[in-house]
1. How many residues does segment 311-354 contain that are hydrophobic (A, V, I, L, M, F, W, C) and either modelled with pLDDT under 95 or part of a loop (DSSP other than H, G, I, E, B) (or both)?
2. Just to be sure, is T308 under 26 Å from A242 (Cα atoms), among the polar types (S, T, N, Q) and either in contact with a Pro (Cβ under 7 Å, 6 or more places away or on another chain) or in a strand (DSSP E or B) (or both)?
3. In segment 201-236, what residues are at pLDDT below 95 and in contact with a strand residue (DSSP E or B) (Cβ under 6 Å, 6 or more places away or on another chain)?
4. Can D77 be described as charged (D, E, K, R) and crowded, with 21+ Cβ neighbours inside 10 Å?
5. Looking only at segment 81-112, filter to residues that are part of a helix (DSSP H, G or I) and not aliphatic (A, V, I, L, M); which one of those is surrounded by the most Cβ atoms within 10 Å (Cβ to Cβ)?
6. Among (1) buried (at least 21 other Cβ atoms within 10 Å of the Cβ); (2) touching a residue at least 24 places away in the same chain (Cβ under 8 Å); (3) in contact with a strand residue (DSSP E or B) (Cβ under 6 Å, 6 or more places away or on another chain), there is one condition T248 misses while meeting the rest; what is its number?
7. Given (1) small (G, A, S); (2) surrounded by fewer than 23 Cβ atoms within 10 Å (Cβ to Cβ); (3) in a helix (DSSP H, G or I), identify the lone condition not met by G149.
8. Among the candidates L306, L300, single out the residue that is in contact with a His (Cβ under 6 Å, 6 or more places away or on another chain) and touching a residue at least 24 places away in the same chain (Cβ under 8 Å).
Amino acid sequence: MQRRIPLFTGEGVRDAEVAVHPFAAGDGLGLTLTRYRRAPAADSAPADAVLLVHGLTTSSDMFVMPEHDDLTSYLLDHGYRDVWALDHRMSNRFPYDMASHRFTLDDVALYDFPAAFAEIRAHIGPTARLHVIAHCLGGVTFAMSLAAGLVGGIASAVVNSSALVLRVPRWSRCKLYAVPGLTEYVLGLPYLNPAWPQDAPFTRGRMIARLVSLFHPECRVGPCHMVSAMWGSGRPALYEHAHLSPVTHERVADLFGATGVHYYRHIRAMVRAGRAVKYRPGDPAYRDLPDDYLEAAAGLTTPLLLTTGDRNHVMADSNPVCHRELTVRAPGISRLRVFPGYGHQDVFMGRHSARDVFPHLTAFLDAHAG
């Protein structure tokens, strides 16, 4: 397949020093941080740092998109000269989700975020102001780690689509119950992959993708059909087609990767509970995590901006409900911003996000910057 944009590209970021920082999660899994740094003017104050966190099946590539203005470049251009992008264990840059694993969201909260913040602090120092912009399950697991007290010293955080409350459409609930067992024990597959339409003819993945496409007449891009089948409820489910560049639509299989289905089981438990909860209460391996993360959030002091599109067919009204819950438990720490006409993923990956979305994010960071 001839790509118009290279896989795992850094080409979207202009005039920045780029450095990759490998580090180990708390359980020994290899992860990476990519730092995009622009030299300050001689008389400038020290720059605040920003950490970007992707969701499940995506990667740091969702913040670096050469086909249009992306969030990394936007931050650099608007005074945030030290931008870090985390690839945690749910990143499609790693092979972990193409194996039969039993990772849960608790693992990301317990092992990935504390190690990532320690690596960043080793470079920016203990007193530098650090902000976070996180998406979907990257936002959920960051909020879990924050509520557990495993990370701190954060000047402000933006969490898109879902934080400590998980609410999904009815059809998504059905898939959460059926898909893990069907995929692993009936089909004999450890993961689902939006790239299956590109597999060789008559292979199992290709045949599954063709079956899925029968139910998605909205476009002719097979990987787009697959990500709608994997997440959310709609045609398409993750974004509004009108908000995507045609180039982005063509490379859906690069931007969204395979995912192990065991994560679905933890999400299912959270949806059933209506909030972020531990997958195995009582397991001593996770004793540093609370059983109920929303209850633990009563002690939060980090200013939070919860965002979502009003056409979110993946996490529905999770963040509006989370905002109401936090208003009771931790009054004054959270604000809510709903983006008209946007869905779940196009908040960050839309071709006009730099016009419609990003100014609201930087305005919030500016209010808490040095």
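The values are calculated or read from the model by the stated rules, or taken from the named source; none is laboratory data. Since the model is a prediction, treat every value here as computed from it, not as a measurement. Every residue, glycine as well, gets a Cβ built from its backbone with ideal geometry; the counts of neighbours run over all protein chains shown.
1. Qualifying residue count, segment 311-354: 5.
2. yes
3. none
4. no
5. Among residues in segment 81-112 that are part of a helix (DSSP H, G or I) and not aliphatic (A, V, I, L, M), the one surrounded by the most Cβ atoms within 10 Å (Cβ to Cβ) is D112.
6. So the condition that T248 fails would be (3).
7. All conditions pass for G149, except number (3).
8. L306
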